[in-house]
Amino acid sequence: MKLPRRKFLQFAAAALPLAPRLAPAQSYPAHPVRLLVGFPAGGQVDIVSRLTAQWLGDKLGQTIVVENKPGAGGNLGAQAVIGAAPDGYTLFFAASSNVVNTTLFANLPYDFARDVTAIATINNIPLILEAHPSFKPKTVAELIAAAKASPGSITMGSPSAGTPPYLCVDLLNMMADIKVVHVPYFGENQMVTDLLGGQILVGFGGVSAGIGHIKAGELRALGVTTPTRLEQLPDVPTIGETVPGFAASGWNGIVAPKNTPPEIADKVATGVSAIQADPKFKERLSDLGVSVFPMPPAEFAKFLVSETEKWGKVVKFAGLKLQ
């Protein structure tokens with residue numbers, strides 16, 4: 001049946017408002033997607049981001065290009081994605097430091113949880129207290145005893161300000177009633193390099209960046225920060241076994257600029273769910289010392305708010321503040 005011209009034009013006009021909403025999701029991604037990372041190449045976050053970009057790109061049928069934008073504990077990368085166009089072509093590999101920084105840094109021009117579109121969590125990150133083989137204390141208990149015997153004699157490294165390993169140094173000081181000298185690094189790769197070279201003898205870091213060196217005997221693991229021992233390092237005790245109640249971990253997830261269309265966010269989230277369900281992807285993450293941490297967009301958005309509040313209390317209790 002042929003529609004009269006007037007009826008046809010009315011029908012077409014009514015359908016037009018739907019087109020802008022449907023077209024981006026149907027064609028997305030039509031060209032390569034940028035995945036910004038707020039830390040230098042070679043560290044914990046960067047390693048997992050590149051694995052995720054490869055697998056997610058295959059699911060979405062488009063290349064995902066990782067771009068490192070390090071600085072200020074992940075703030076520079078976060079600010080870059082917050083200021084980007086909300087079209088799905090600039091994403092950010094968020095880390096737990098991004099919510100910590102909301103309280104840790106004074107005068108941030110944004111509120112991370114409020115100013116991004118939460119898409120999906122990727123993985124959680126067990127942390128580890130690791131040492132150069134020449135470090136005399138062989139256990140957490142021995143480290144605490146040495147620190148109490150000579151306050152300020154132990155120098156302890158951590159990655160960039162705002163990261164969970166960074167906070168772990170002060171958390172250990174507080175909970176074990178000791179005083180070690182804290183040396184934050186620009187990035188985790190630099191800290192691990194100095195640990196391997198003996199320029200610094202002990203530090204907190206992510207398991208992903210250190211597990212290979214630990215298994216090779218180049219570094220020694222004193223304790224993990226998780227509530228229970230890790231499957232990948234079953235002989236390494238938890239710090240909580242020596243310091244009751246000590247527990248901390250990190251996480252990574254993908255976010256986009258605020259006001260990114262829900263259809264695009266859902267398409268990326270669906271791709272993330274698909275790779276997280278793949279046993280081979282899980283195995284690759286396990287090899288890096290981390291595990292999948294699935295969470296849909298709405299739940300992730302609430303998680304960002306709750307994490308901001310949780311770490312904010314720790315930062316305020318420790319009296320930490322950075323400019």
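Every residue, every condition in (1) assigned to a helix (DSSP H, G or I); (2) closer than 25 Å to residue 210 by Cα; (3) not polar (S, T, N, Q), yes or no:
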{"site": "273", "(1), (2), (3)": "yes, no, no"}
{"site": "286", "(1), (2), (3)": "yes, yes, no"}
{"site": "294", "(1), (2), (3)": "no, yes, yes"}
{"site": "308", "(1), (2), (3)": "yes, no, no"}
{"site": "311", "(1), (2), (3)": "yes, yes, yes"}
{"site": "320", "(1), (2), (3)": "no, no, yes"}
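For every residue, the table says whether it meets (1) hydrophobic (A, V, I, L, M, F, W, C); (2) in the same structural domain as residue 186 (by TED's automatic domain parsing); (3) touching a residue at least 60 places away in the same chain (Cβ under 8 Å).
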site	(1), (2), (3)
55	yes, no, yes
60	yes, no, yes
79	no, no, no
86	no, no, yes
92	yes, no, yes
102	no, no, yes
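For the stretch 76-105, a residue qualifies if it is assigned to a strand (DSSP E or B) and either of a type in the set (Val, Ile, Thr) or surrounded by 21 or more Cβ atoms within 10 Å (Cβ to Cβ) (or both), and the qualifying residues are 90, 91, 92, 93, 94, 95.
Collect the residues in the stretch 273-291 that are buried (at least 19 other Cβ atoms within 10 Å of the Cβ) and at pLDDT below 95, keeping them in residue-number order. Answer for the stretch 273-291, where residues must be buried (at least 19 other Cβ atoms within 10 Å of the Cβ) and at pLDDT below 95: 285, 288, 289, 290. The residue list 151, 137, 133, 126 contains one member that is touching a helix residue (DSSP H, G or I) at 6+ places or on another chain (Cβ under 8 Å) and part of a loop (DSSP other than H, G, I, E, B), which is 137.
Condition check ((1) modelled with pLDDT of 90 or more; (2) within 18 Å of residue 143 (Cα to Cα)) across all residues:
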{"residue": "193", "(1), (2)": "yes, no"}
{"residue": "196", "(1), (2)": "yes, no"}
{"residue": "201", "(1), (2)": "yes, yes"}
{"residue": "204", "(1), (2)": "yes, yes"}
{"residue": "208", "(1), (2)": "no, no"}
{"residue": "212", "(1), (2)": "yes, no"}
{"residue": "215", "(1), (2)": "yes, no"}
{"residue": "220", "(1), (2)": "yes, yes"}
{"residue": "228", "(1), (2)": "yes, no"}
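Residues of the stretch 275-284 that are in a helix (DSSP H, G or I) and either of a type outside the set (D, E, K, R) or not assigned by TED's automatic domain parsing to the domain that holds residue 90 (or both): 275, 276, 279, 281. Scan the stretch 182-236 for residues that are surrounded by fewer than 16 Cβ atoms within 10 Å (Cβ to Cβ), hydroxyl-bearing (Ser, Thr, Tyr) and in contact with a Pro (Cβ under 9 Å, 6 or more places away or on another chain) and the total you get is 0. Any chance the stretch 133-145 includes a residue that's among the charged types (D, E, K, R), in contact (Cβ under 8 Å) with a residue 12 or more places away in the chain and farther than 24 Å from residue 265 by Cβ? Yes, the stretch 133-145 contains a residue that is among the charged types (D, E, K, R), in contact (Cβ under 8 Å) with a residue 12 or more places away in the chain and farther than 24 Å from residue 265 by Cβ. In this structure, does residue 157 turn out to be under 24 Å from residue 44 (Cβ atoms) and small (Gly, Ala, Ser)? Considered against the rule, which asks whether it is under 24 Å from residue 44 (Cβ atoms) and small (Gly, Ala, Ser), residue 157 comes out as yes.
The values are calculated or read from the model by the stated rules, or taken from the named source; none is laboratory data. Note that the structure is a prediction, hence the values are computed from the model and not measured. Ideal geometry is used to build each Cβ from the backbone, glycine not excepted, and the neighbour counts take in all protein chains shown.
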